[in-house]
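The structure appears right after this line, and notes come after that.
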Amino acid sequence: MTDPDMSLRLHNTLSRRLEPFEPLDPDRVGVYACGPTIYGHAHIGNFRTFVFYDLVHRTLEWLGYGVHFVMNLTDVDDKTIAAAAREGLNLERYTAPFAESIMEEADALGIRRFDLYPRATAYIDRMIELVQTLLDRGLAYRTDDGSVYFDISAFPDYGALSGKDLEQGRQGERVAADEYEKDDARDFALWKASKAGDEDVGAAWDAPWGRGRPGWHLECSAMSLAEVGETLDLHLGGEDLIFPHHEDEIAQSEGATGRPFVRTWLHVRHLRVEGEKMSKSLGNVVTVRELMEEGISPAAIRHQLLSAHYRSELNFTREGLEASARAITRLVDFADRLASSAAEGPGGDDLREAVERARIRFREAMLDDLNVQEAMASLFIFMREANPLVQHSGSAARADAIAFLESTNEVLGLLALGRESRVVDPELEAWVEARVRERDEARAARDWERADALRDELEARGVRLEDGPSGTRWTWSGAGIAAG
Ligand code: AMP
Ligand code: ZN
């Protein structure tokens, strides 16, 4: 299947090193990503993480792997329950619109659909089974109120992912532990006994040890086990999830299956806004929805979210967004010039060489721990080099350059989105409208040569035409640049 030379290296949080990526089955790379808690609109920080998931997904496919990619939706936890209770709605009613709005925004940002979006509430049986297994294996204990906790002292590897030394600070936590019914403050809930509020919003289920609901960490263990398998090739999340969420997932999953849970962990650094941590209390929470309502193009937002390596800080700024918008315009215009240039003949060796250099640089950058910043740099260096060459290059060399741009689009998703975003440009739309009318007239006059030439011109600009009995409809193709 895949090119034997391909050697993707990824930084594994667990080993704290760059490692060659070697999936168990290259035809079915199993990926689980911690998805949004659907209690409100997602913010731009969440979307840094989701766009990164998309980058991982696209890059693996671009490299030739078969991928099974699962991202969950957390629809039952403390936050969803509290928010649903405030609105007097049951969980399902309350969370559904947020799931929908997050999917809409994800689509708008060119995040390709993953294979599956399991919701926690659909996996309660699997969660109960998992808790039972942990009880049977002596890794969990019940308390009098009907809750179940994981017993960390029975799992010696606890702390390996986050590097936390659990012996330190345990003394102080004894006090805190007394407030709960746990044996140790570090023990975490697998199953939480029902409270009145939970019943009100429909967040309570029967289990052998009493009515209640799953703990958040348990949800991800159960869903990844059910939908990806006992051992995942990749598990993704934001850096805030390393501890305790992912540490707890490891304890539960490995405790239950006795097998390694995850081969490679990738964690995305948090995004900041204008240099500050984003938080409700600072009043600087930015959403994709708001930005789009301001008329900022999704392509510029996506470009900005991709502009830093996932383990580096990303500072989301207005100035950066403007620069991103300019970068997208350059990219789309360049692609247009390539497609619509009329140069003929065999010329274009210089262009071909520039394409070859860029191809190598781009690929090397992506293989190097998904260094998208470097990959984008190679793309823009290429455009600078190629710009003066286009007009002297024949169609074969230009087709080569177009193929390269399309292949970068497979990974970055910027060109197609940039074209789609142009729909908001009224001048361009008027131009397309005029050309479409002109073509209709040519057809009516049976001037097929003229009509075909106009079709070619429109297609080179990313316009798709559909001739019907009541005239011609047009749409932006959005699917990379038409080869003209
Ligand atoms: P949540 O909806 O809070 O469960 O978060 C969904 C995902 O977004 C998780 O993977 C978080 O780690 C991630 N996330 C939350 N805040 C940020 C941020 N400021 N920057 C990047 N990722 C974030
Ligand atoms: Zn999770």
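No lab work stands behind these numbers, since they all come straight from the coordinates. Being a predicted model, the structure only gives us computed values, none of them experimental. Every residue, glycine as well, gets a Cβ built from its backbone with ideal geometry; the counts of neighbours run over all protein chains shown.
For residue 190, what residues show an amide H to amide H distance below 5 Å, using hydrogens built from the backbone and excluding near sequence neighbours?
So residue 190 has HN proximity to 148, 149, 150.
Starting from 0.36 nm per residue, how many nanometres of slack lie between residue 137 and residue 240 once their C-alpha separation is accounted for?
Values: separation 103, 0.36 × 103 = 37.08 nm, distance 2.96 nm.
Full extension from residue 137 to residue 240 adds 34.1 nm.
In percent, how large is the relative contact order of the range 426-476, given Cα pairs closer than 8 Å and 6 or more residues apart?
Numbers: 34 pairs, mean separation 13.1, N = 51.
Here the relative contact order equals 26 percent.
Report, by chain and number, residues whose modeled amide H sits under 5 Å from the one on residue 285, excluding near sequence neighbours (fewer than 5 apart, same chain).
Close amide H contacts, sequence-distant or interchain: 279.
I need the calculated FRET efficiency for the pair residue 428 and residue 93, taking r as the beta carbon distance and R₀ as 56 Å, to the nearest 0.05.
Working: r = 42 Å, r/R0 = 0.75.
Step by step, r from the Cβ atoms, then E = 0.85.
So how do 250, 296 line up by other beta-carbon neighbours within 10 Å, fewest first?
Values: 250 24, 296 20.
Ranking 250, 296 by Cβ neighbours within 10 Å, fewest first, gives 296, 250.
Once amide H atoms are placed 1.01 Å from N in the peptide plane, what residues at a sequence separation of 5 or more from residue 209, or on another chain, have their amide H within under 5 Å of its amide H?
none
Using only the alpha-carbon atoms, how far is helix 448-460 inclined from the longest principal axis of the chain? Give it as 0 to 90 degrees, nearest 10.
So the inclination is approximately 40 degrees.
Report, in debye and to the nearest 20, how large the dipole of the range 3-106 comes out about its Cα centre when Lys and Arg carry +1 and Asp and Glu carry -1 on their Cβ. The partial results should precede the final answer.
On the way: 9 positive and 16 negative charges, 82 e Å.
Charge dipole of the range 3-106: 400 debye, to the nearest 20.
List 431, 216 from most exposed to least, where exposure is judged by having the fewest other Cβ atoms within 10 Å.
Numbers: 431 14, 216 23.
Ascending number of Cβ neighbours within 10 Å: 431, 216.
Length gain on complete extension for the stretch residue 122 to residue 352, per 0.36 nm per residue less the alpha carbon to alpha carbon distance?
Full extension of this stretch gives 77.5 nm more.
So for each of 219-229, 406-416, 443-453 I average, over its residues, the number of other beta carbons within 10 Å; can you give me the resulting order with the highest mean first? Can you show the working numbers first?
Values: 219-229: 23.5, 406-416: 21.7, 443-453: 12.5.
Ranked by mean Cβ neighbours within 10 Å, highest first: 219-229, 406-416, 443-453.
Using the Karplus curve 6.51 cos²θ - 1.76 cosθ + 1.60 with θ = phi - 60°, work out ³J(HN,Hα) for each residue of the range 267-278 in order, rounded to whole Hz, and write x for Gly and Pro.
Calculated HN-Hα couplings, in order: 10, 8, 5, 6, 8, 10, 10, 6, x, 10, 5, 8 Hz.
Using only Cα atoms and rounding to the nearest 10 degrees, what angle (0 to 90) does helix 124-136 make with the longest principal axis of the chain?
The two axes meet at around 40 degrees.
List, in order, the whole-Hz ³J(HN,Hα) value for each residue of the range 101-108 obtained from phi through the Karplus relation with A = 6.51, B = -1.76, C = 1.60 and θ = phi - 60°; use x for Gly and Pro.
So the J values, rounded to whole Hz, are 5, 5, 5, 4, 5, 4, 4, 4.
Is there a quick way to get the dipole size of the range 253-344? I mean about its Cα centre, with the Cβ of Lys and Arg at +1 and of Asp and Glu at -1; what is the value in debye to the nearest 20?
Numbers: 13 positive and 12 negative charges, 103 e Å.
Charge dipole, the range 253-344, about its Cα centre: 500 debye, nearest 20.
Fewest to most neighbouring Cβ within 10 Å: what's the order for 336, 145, 151? Mind showing how you got there, number by number?
Numbers: 336 17, 145 13, 151 21.
Ranked by crowding around the Cβ, least crowded first: 145, 336, 151.
Let me have the 222 nm mean residue ellipticity of the chain computed from DSSP H runs of 4+ only, each contributing -39500 (n - 2.57), with the sum over all residues rounded to the nearest 500. It would help to have the intermediate numbers written out before the result.
Numbers: 17 runs with 228 residues, N = 484.
Counting only the DSSP helices, I get -15000 deg cm²/dmol.
Could you give the distance between the Cα centres of the range 363-421 and the range 114-164, to the whole Å?
Their Cα centres are 46 Å away from one another.
Over the Cα atoms of the range 21-277, what is the Rg over Rh ratio if Rh follows Kirkwood?
Values: Rg = 18.4 Å, Rh = 19.1 Å.
With Rg and the Kirkwood Rh in hand, the quotient comes to 0.96.
Report the calculated FRET efficiency for residue 86 and residue 311 (r = Cβ-Cβ distance, R0 = 35 Å), to the nearest 0.05. All intermediate terms of the calculation are to be shown ahead of the outcome.
Values: r = 37 Å, r/R0 = 1.05.
FRET efficiency, residue 86 to residue 311: 0.45.
Residue by residue, what Karplus-based ³J(HN,Hα) values in Hz, rounded to whole numbers, does the range 62-77 have, using 6.51, -1.76 and 1.60 with θ = phi - 60° and x for Gly and Pro?
Running phi through 6.51 cos²θ - 1.76 cosθ + 1.60 with θ = phi - 60° gives 4, 6, x, 6, x, 10, 10, 10, 10, 10, 7, 10, 7, 10, 9, 6 Hz.
I'd like the orientation of helix 349-367 relative to the chain: the angle between its Cα long axis and the longest Cα principal axis, in ° from 0 to 90, rounded to 10.
For 349-367 against the chain, the angle is about 0 degrees.
In debye, nearest 20: dipole of the chain around its Cα centre with unit charges on the Cβ of K, R (+) and D, E (-)?
For the chain, the charge dipole is close to 680 debye.
How large is log10 I(q)/I(0) at q = 0.11, 0.13 Å⁻¹ when the Debye formula is applied to the Cα atoms of the chain, each weighted equally and without solvent?
Computed log10 I(q)/I(0) values: -0.97, -1.24.
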